[in-house]
Amino acid sequence: MDNNIDNVNKSDKKRRTAIFALIVAAMMITSTVLGFVGGFAANKFLGSNKADGVTTTSIPVASTTSTDGGNMNVSNVVKSVKNSVVSIECESQSQSQVNPLYDNGNSTSKSAGSGVIVTTDGYIVTNNHVVDGASKITVKTADEKSYTAKLVGTDSETDIAIIKIEAKGLKSAAFGKSSTLEVGDEIVAIGNPLGELSGTVTNGIVSALSREVTIENETMNLIQTNASINSGNSGGGLFDKNGLLVGVVNAKAAGNNVEGIGFAIPIDTAKNVIEQIMDYGYVKGRVTSGLTLIDILDENTARQYSVNELGVYIYSVADGSNAEKAGLKSGYIVKSVNGTKVESASDFKSVIKKLKVGDKIKVTVSNGMSEGSVEYKLSEKK
């Protein structure tokens with residue numbers, strides 16, 4: 001560790017700046033936040049592959065042709081898949097967003113999203129941003145039955161999460177292949193828009209494939225569609241003309257002049273993530289810096305959070321992490337990582353993504369009065 005970090009720690013003791021609450025990216029959505037919408041999906045059956053004595057989940061991919069030998073119309077697609085889509089309601093305990101270091105007031109907020117049943121015994125895929133921070137998750141199935149769900153695991157890099165309810169004999173979705181989609185193909189989206197209209201069906205076409213979109217500092221390659229997507233659709237399914245799950249809706253472009261631009265995570269991307277979360281509770285090989293970062297890039301935001309300087313702030317440092325052991329603290333401003341200037345949290349993440357577990361990183365930070373640098377090893381994100 002560079003000794004310069006001592007200067008930061010000493011100055012930090014003299015000047016404790018009121019920090020800020022985590023900013024949710026404007027494009028991510030739940031029932032209470034307009035912007036991006038989404039869903040993810042799953043399959044009818046589970047198989048097992050055994051390697052090195054470990055049983056791993058393998059979700060088979062269904063045939064790309066319908067059982068009647070031809071493509072189904074929208075109503076038939078809906079009949080075949082509607083019972084595999086669920087609505088989700090989350091309760092979260094949130095800290096006051098005004099000087100949270102000094103204000104201990106907490107409040108309960110509610111949000112809603114959608115999900116797709118992966119297995120007949122209650123595994124459900126949804127979006128990470130739907131369940132992120134939830135203290136209670138409630139699932140309602142198409143037959144209006146309610147269940148309390150437990151969180152199995154999440155992956156912020158792909159915006160995927162798996163939850164589990166205690167139920168048997170559920171209708172699970174059949175996985176298709178997003179790689180077989182072509183621009184202009186008809187698709188059907190099913191979800192819970194506005195958090196109140198469960199089972200809502202919209203249809204459209206594939207507008208573009210592998211569209212690069214950045215959401216909450218994560219860059220993803222998504223399916224673009226003109227099917228109507230609204231707040232609460234996050235985690236719902238995108239189905240092809242054969243009734244096969246080909247995508248998980250997770251985003252919608254928002255703006256006064258924007259209409260008919262929605263996005264979904266390709267099922268080919270999601271499948272491996274779903275299987276690993278079901279097996280291990282996380283995606284193996286993902287690295288973590290131990291830091292949660294927040295962008296304070298304009299004066300209005302800086303005033304809102306009582307911060308005097310613009311920049312990329314450390315919102316929190318994971319307990320027991322290598323970052324904590326290196327001396328990094330909440331409230332520091334990240335200036336660079338491995339010699340690359342950091343102007344947004346996505347800049348930091350783009351450097352980290354290229355590294356592997358055990359690699360060292362050098363992070364230069366400031367507390368507004370002095371700068372210092374530390375080096376530490378990246379660990380596996382679990």
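The values are calculated or read from the model by the stated rules, or taken from the named source; none is laboratory data. Keep in mind it's a predicted model, so treat the numbers as computed, not measured. Cβ placement follows ideal geometry from the backbone for every residue including glycine, while neighbour counts extend to all protein chains displayed. Only protein heavy atoms, including side chains, enter the accessible area calculation; ligands, DNA and RNA are left aside. Shrake-Rupley method; radii C 1.70, N 1.55, O 1.52, S 1.80 Å.
If you roll a 1.4 Å probe over the heavy atoms of the protein chains, what accessible area per residue do you get for the range 233-382, in Å²? Here the residues of the range 233-382 average 43 Å² of exposed surface.
Given a 1.4 Å probe and every protein chain left where it sits, what share in percent of the accessible area of the range 269-382 is carbon and sulfur? Spell out each step's value before the answer.
Working: 2330 of 5350 Å².
Carbon with sulfur: 44 percent of the solvent-accessible area.
Summing +1 for each Lys or Arg and -1 for each Asp or Glu among the other residues whose beta-carbon sits under 10 angstrom from that of SER111 gives -2.
Based on the Cβ-Cβ distance from GLU324 to LYS136, what FRET efficiency comes out when R0 is 25 Å, to the nearest 0.05?
0.30
Apolar share of the accessible surface for the range 134-261: 42 percent from carbon plus sulfur atoms, 1.4 Å probe. Answer with one residue from SER234, THR120, GLN224: the one whose Cα lies farthest towards the positive end of the charge dipole of the range 115-239, charges on Cβ with Lys, Arg +1 and Asp, Glu -1. Farthest towards the positive end: THR120. Between GLY262, THR148, THR158, the Cα set farthest toward the positive side of the dipole of the range 148-280 (charges on each charged residue's Cβ, about the Cα centre) is that of THR148. Whole-Hz Karplus values for the range 220-227 come out as 10, 9, 10, 7, 9, 9, 9, 4 Hz, taken residue by residue from phi with 6.51 cos²θ - 1.76 cosθ + 1.60 and θ = phi - 60°; glycine and proline positions read x.
Rounded, prolate or oblate for the range 192-240? Axes are the square roots of the Cα gyration tensor eigenvalues, ordered a ≥ b ≥ c, and the cut-off for rounded is a/c under 1.5.
Details: a/c = 2.77, a/b = 1.39, b/c = 1.99.
Note, shape of the range 192-240 comes out oblate.
Determine the sum of side-chain charges near TYR282: Lys and Arg each +1, Asp and Glu each -1, restricted to other residues whose C-beta is under 10 angstrom from that of TYR282.
+1
Evaluated at q = 0.15, 0.18, 0.20 Å⁻¹, the base-10 log of the normalised Debye intensity for the range 133-260, with identical point scatterers placed on the Cα atoms, takes the values -0.80, -1.15, -1.39.
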